[in-house]
1. In segment 250-326, which chymotrypsin sites (Phe, Trp or Tyr not before Pro) are in a loop and have at most 11 other Cβ atoms within 10 Å, using DSSP for the loop call?
2. Roughly how many Å is it from the Cα centre of segment 215-288 to that of segment 294-358, as a whole number?
3. At R0 = 35 Å, how high is the FRET efficiency between residue 314 and residue 356 if r is their beta carbon distance? Nearest 0.05 is fine.
4. Any chance you could run the full-extension gain for residue 189 through residue 371? It's 0.36 nm times the residue separation minus the Cα-Cα distance, nm to one decimal.
5. With charges set only on the Cβ (+1 for Lys and Arg, -1 for Asp and Glu), what does the dipole of segment 250-389 come to about its Cα centre, in debye to the nearest 20?
6. Work out the FRET efficiency for residue 277 and residue 180 from their Cβ-Cβ distance, taking R0 = 51 Å, and round it to the nearest 0.05.
7. Would segment 250-389 count as rounded, prolate or oblate if I go by the C-alpha gyration tensor, calling it rounded below 1.5 in a/c and otherwise prolate when a/b exceeds b/c, oblate otherwise?
8. Once R0 is set to 30 Å, what does the formula 1/(1 + (r/R0)^6) return for the Cβ-Cβ distance between residue 391 and residue 58, expressed as a FRET efficiency to the nearest 0.05?
Amino acid sequence: MKKIILPFLILVSLFAHSQSNTQIEIDTLEVNFDIKNIVEVNSLVLQIKGGINSVAQKKINDDIKKHFEYTPFNDSTYVNKLHDYYEIDSTQLNYGPNEKYGDGITENFTVEYLSNNILNISIFSQIYPYLGRPQFFFKSLIYDLNTGDKLIFDDFFSIPTDTLKSIFNSEGYHIYWDNDAQKLKKEKLKELVWVDNICPEFYFNYIEDELYLMIRPTCLGPALIDYGIPLKKLKQFVEHFEFKNKLQLWGTDINSLIGQDRLQFGKKIVFEDYPIQYIGGYLLPIDNFDNSFGIQEYSSSDKRILLFFKSIDTHQDIIIDILEIDNSELENRILTEYCITKNGLETEIIALVNPTETEFHTKIIKAWRANRKTGKFENVNERKIEKCPNHSYGL
C-alpha cells in the first residue's frame, strides 16, 4: 500500500512595497503533499492579507487559488485524479536502476508590478520528469486592487495586433537575467518576434528603472524566454489611468479633461504641470429620477476642482465643463450642494457658505448652477439662494 502524507499549510507574512508607497501586506501559503513513488508537490501561493478593501481582497485571493493547479484548493483536477495513479504497477515501468518513479512538482510566484491600483503576479510551475524532460509552465495574473477584477490586455492598450507586432520588432528587446550583475538586462532583438503566434502571456516589470510591457511565449517549448518594450513606445495606445499617470498622458492641465470619460479616471490624475486627487462626487437628479448628470470633485495643491459630467450610456460619462475654486476662497468655508431658492430645492445649485451648526446654512458667499440644458457652470446671484442644507447636521 502506498504511503500518503496529507497536505499541510505554512503561512508566511511579508510586506510588498508598491510603486506609490502604499504598503500591501501579503501572505504566502506553502502547500505540501507527498504520495510516495507517485508525486511530491510543493506550492507557494500568494494571498493578500491587508492594504486594500476587504471585498477586493477576498475576490482576488479566491481567484489566485484557482490558478495553482496542483494544490487541493478548489477541487484541483490534478489532485482529484491522483487516485487513478494508485493502480499503476511500478514494476511494469521501464526505468533504470538509479531512477525512481514519481513526479516532482513545484509552483511559486513572483510579484512583477505593484502599485496602489494594480497587482501583477506571475505563477510558475515546474514538473520533472514531464514526458521525459523538465517542463516549465507560466501564467500572468493582473488585478485591479480597488475592485478585485482581473484585468486583460485590452484594459491597458487599444492597439491592433499588426501594429503591436511592428512596433515591438522595431523597438523591442530580449530581456535576460545577468548573473554577474544580479539584475535584468536587455539587448535589441536579433530576429523577428511573431507576437500573434507565440501564445503570449503579458505582464509589466521595470528594466533598468524603466517600465516595460513584457511578453513571454508559452508555446515555444520548455525554455522561459522574455521579451519587452518600453511602455513609452506605446504611449499613444495606452488606455489605463495607471499608466496614463506614469507617462503623463492626460495633457497639460485640467482643461484637457473636457470631452473625456470620467469612468476612465483613477483617484489621482497626473498632468504635465500638476496632479489632482479625487475627493468625492454626487449626481444631479431631475424630477423623473433621471441621473444623467453629476459632479466629480478633485483637489490640487491650490484649488478645488468640480467636473461636470453627462452620462452617455452605462459605460461612458463625458466631462462637459469644469469649475475651479481657489483654496483661499475655501478657508473657513465649505462647499455644499442641493440649495433652496424661491423655486424650492434645486439640485443644480452649488454654493460656497459660511458653516453653521444648524440644519441649514444661510450665509451664502458664492453660488453656481451646473446647468443641465447648457452643459455649463453658471454664476448665480447669492441673494437668490435662501438656504443650503447642512449635510453634517445631526451626525
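The values are calculated or read from the model by the stated rules, or taken from the named source; none is laboratory data. Nothing here was measured: the structure is a model prediction, and the numbers come from that model. Virtual Cβ from ideal backbone geometry, glycine too; neighbours counted across all protein chains shown. The accessibility values were calculated without ligands, DNA or RNA, using every heavy atom of the protein model including side chains. Shrake-Rupley method; radii C 1.70, N 1.55, O 1.52, S 1.80 Å.
1. Sparse-neighbourhood loop chymotrypsin sites (Phe, Trp or Tyr not before Pro): 289.
2. Their Cα centres are 25 Å away from one another.
3. 0.35
4. 60.0 nm
5. 300
6. For residue 277 and residue 180, the calculated efficiency is 0.75.
7. oblate
8. For R0 = 30 Å, the calculated efficiency reads 0.40.
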